[in-house]
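First comes the structure, then the notes that go with it.
The values are calculated or read from the model by the stated rules, or taken from the named source; none is laboratory data. Everything numeric here is computed off the predicted structure, so don't read it as measured data. Cβ placement follows ideal geometry from the backbone for every residue including glycine, while neighbour counts extend to all protein chains displayed. To get the accessible areas, we keep the full protein, side chains included, count just its heavy atoms, and leave off ligands, DNA and RNA. Shrake-Rupley method; radii C 1.70, N 1.55, O 1.52, S 1.80 Å.
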Amino acid sequence: MKTDLKAAGNRGNERYDVLIIGAGAAGTACAIMLAQKGVRVAVSERDARACVKLAATGNGRCNLSNSAVSPARYNDPIFVAPALQAFGPAETAAFFASLGVPVREKDGRLYPYGNNSGCVVNAFVAAVERLGIRMTVSSEASGIERLRGGYRVRAATGGEEKEFFAANVVFACGSNATLGKDSLSLMTSLGYKRTACVPAIAPIPTALFKGVSGVRAIARGILTSGEEILADRRGEVLFRDDALSGMLAFELSSAYARALRAGRKDLSLALDFAPDISAAYAEKLISSAPAYDIRGSLNGFVPRALAEKLAVIAGLRPSDPKEGRCSAVAAALRCTTALAGEAPQIKQAQVVCGGLEVSAFDPRTMMSLTDRGLYAIGEALDVDGECGGFNLQWAWSSAAACARSITENIS
């Protein structure tokens, strides 16, 4: 027989309108949005402080959103559309301005004006204190139990098990990417289904460029599966002995992760280091170079260490006859490598591709379709966006949808 929430609260236990599990970007934002409307809210966070991953995002700059946000930039456009339309980049900028953090745009990306994630984290912490939000850190949730009229959440806090009671529970635990932990078992134990998780927005594993670690170059990258183009982007690539990193790799990695999860085969990555120069013109430039040699010719397009590597990959040798060598050198600027289908390392990933199946939740409110008052937001759901502020925008949009629903229901 289920315990009654009101009776549990009357026995001296902590009882709240809302309990949020997880004080990451989505969870903390949701708590603040609720508290701004006068809702009594508590947050349980397993780490010793809130927003640990948020502090490290965007290389410490905290890319809050992107002016190009649209459902098409996410893995499930139909599900994310209502929340993104109700709370997009403009609403995000207004929300942070209300916390004293103005936002500025650079190349379509929205950053805190101070260009530092500390601006956002400090503003969140100040808002939590000012609004009287009950934040319990070093408190790892271990179970969610349905009650009549609400929920009981058990959590290990300070070496002891503590119980929280709330009419509404928001699951905002994120994922095990970077510094996180996979806590989806809290929801699967209630019968909710999850999808397989693959690290995304991370270096793409390949040993093709071993020996040029640390070198950077501008390139166009085209990720394919057989004859199908999965992603086509331009940007800076940072070479590592075991992977391709940098903005270009991160922008391709979401499509790569989704392909791995779908079991796609024959994955290849084509890198064009002279994307704005035709092969014919590149050959002309190389043939007219005053001091012609293989390495010297490639040197005009890419850093020397990379030029030597591309020559090796293309099988070019100094002893090759000059005839036809110019076209071979020009072709070496366009390198294609078959990918082994190895998943990126989870600790180097910013997000994961995967999470709770979204079919169990209302896309307008993030509330469960079967358990009234139970919500899931942010990265806990099987929603992932491209690199460039899209995932943080989903955190804010899903948090806002959840907060709006709870506020309306309480009213």
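Once the piece of chain linking residue 327 and residue 188 is laid out straight, how much longer is it, given 0.36 nm per residue of separation minus the C-alpha distance between them?
Here the segment from residue 327 to residue 188 would lengthen by 44.3 nm.
Contour minus end-to-end for residue 345 and residue 61, with contour as 0.36 nm per residue of separation and end-to-end as the Cα-Cα distance? Intermediate results must be reported in sequence, preceding the final value.
Values: separation 284, 0.36 × 284 = 102.24 nm, distance 2.24 nm.
Answer, rounded to one decimal: 100.0 nm.
Given +1 on the Cβ of Lys and Arg, -1 on the Cβ of Asp and Glu, and no further charges, what dipole in debye does the chain carry about its Cα centre, rounded to the nearest 20? The partial results should precede the final answer.
Details: 46 positive and 40 negative charges, 110 e Å.
Around 540 debye, computed over the chain.
What FRET efficiency comes out for residue 113 versus residue 232 if R0 is 30 angstrom and r is the Cβ-Cβ distance? Round to the nearest 0.05.
With R0 = 30 Å, the Cβ-Cβ based efficiency is 0.40.
Expressed in whole Å with the largest first, what are the equivalent ellipsoid semi-axes of region 92-233 derived from the C-alpha gyration tensor as the square root of 5 times each eigenvalue? Each step should come with its number before you reach the end.
Details: eigenvalues 281, 135, 50 Å².
Computed over region 92-233, the values are 37, 26, 16 Å.
Between region 58-97 and region 176-227, what is the C-alpha centre distance in whole Å?
21 Å
Averaged over all directions, how much area does the convex hull of the C-alpha atoms of region 314-411 cover when projected, in nm²? Can you show the working numbers first?
Numbers: hull surface 41.1 nm².
Answer in nm², one decimal: 10.3.
Which entries of 37/106; 106/210; 210/265; 106/309 show an alpha-carbon separation above 30 angstrom in the structure shown? Don't skip to the end; give the middle numbers.
Numbers: 37/106 32 Å; 106/210 33 Å; 210/265 24 Å; 106/309 34 Å.
With Cα atoms farther than 30 Å apart: 37/106; 106/210; 106/309.
Quick check on packing: order 147-157, 368-378, 205-215 by the mean number of other C-beta atoms within 10 Å, highest mean leading.
Working: 147-157: 19.0, 368-378: 21.3, 205-215: 16.1.
Taking the mean over residues of other Cβ atoms within 10 Å, the ranking is 368-378, 147-157, 205-215.
Mind checking the angle between helix 89-98 and the chain's longest principal axis? C-alpha axes, 0 to 90 degrees, to the nearest 10.
That works out to roughly 60 degrees.
Tell me which label goes with the value of percent of Cα pairs over 40 Å apart computed from the coordinates here: (i) 50; (ii) 27; (iii) 21.
Checking each listed value against the structure points to (ii).
Spin-label point model (7 Å from Cα, Cβ direction): what's the residue 312 to residue 137 distance in nm?
4.7 nm
Compute the relative contact order of the chain as a whole-number percentage, counting only Cα pairs closer than 8 Å that sit 6 or more residues apart in sequence.
Working: 904 pairs, mean separation 94.1, N = 411.
In percent, rounded to a whole number, it is 23.
Pull up all non-local amide H partners of residue 162: gap of 5 or more, or a different chain, and H-to-H distance under 5 Å with H placed in the peptide plane.
155, 156, 157
Rounded to the nearest 0.05, what FRET efficiency do residue 262 and residue 36 give with R0 = 25 Å and r taken as the Cβ-Cβ distance? Could you check?
0.05
Using the alpha-carbon atoms, what tilt in degrees (0 to 90, nearest 10) does helix 25-36 show relative to the longest principal axis of the chain?
Rounded to the nearest ten degrees, it is 40.
Would you please put 260-272, 14-26 in order of how densely packed they are, using the mean number of other Cβ atoms within 10 angstrom per residue and starting with the highest?
Ranking the peptides 260-272, 14-26 by packing returns 14-26, 260-272.
Where does region 68-131 land on Rg(C-alpha)/(2.2 N^0.38 Å)?
Taking N as the residue count of region 68-131, the ratio is 1.27.
Using a 1.4 angstrom probe on heavy atoms only, work out the carbon and sulfur share of the accessible area of the chain in %.
The nonpolar share, carbon plus sulfur, comes to 50 percent.
Could you work out the per residue convex hull volume over the alpha carbons of region 1-157, in cubic angstrom?
Considering the Cα atoms of region 1-157, their hull volume per residue is 143 Å³.
Determine the gain in length on full extension of the stretch residue 146-residue 241; use 0.36 nm per residue of separation and subtract their C-alpha separation, reporting nm with one decimal.
Details: separation 95, 0.36 × 95 = 34.20 nm, distance 4.99 nm.
Separation in residues times 0.36 nm, less the Cα-Cα distance, equals 29.2 nm.
Listed highest first by mean packing, meaning other Cβ atoms within 10 Å per residue, what order do 99-112, 230-243 come in?
In descending order of packing, they fall as 230-243, 99-112.
Between residue 179 and residue 288, what's the calculated FRET efficiency when r is the beta-carbon distance and R0 is 51 Å? Round to 0.05.
For R0 = 51 Å, the calculated efficiency reads 0.45.
What do you get for the angle between helix 117-130 and the principal long axis of the chain? Use alpha-carbon atoms, 0 to 90 degrees, nearest ten.
With rounding to tens, the tilt is 0 degrees.
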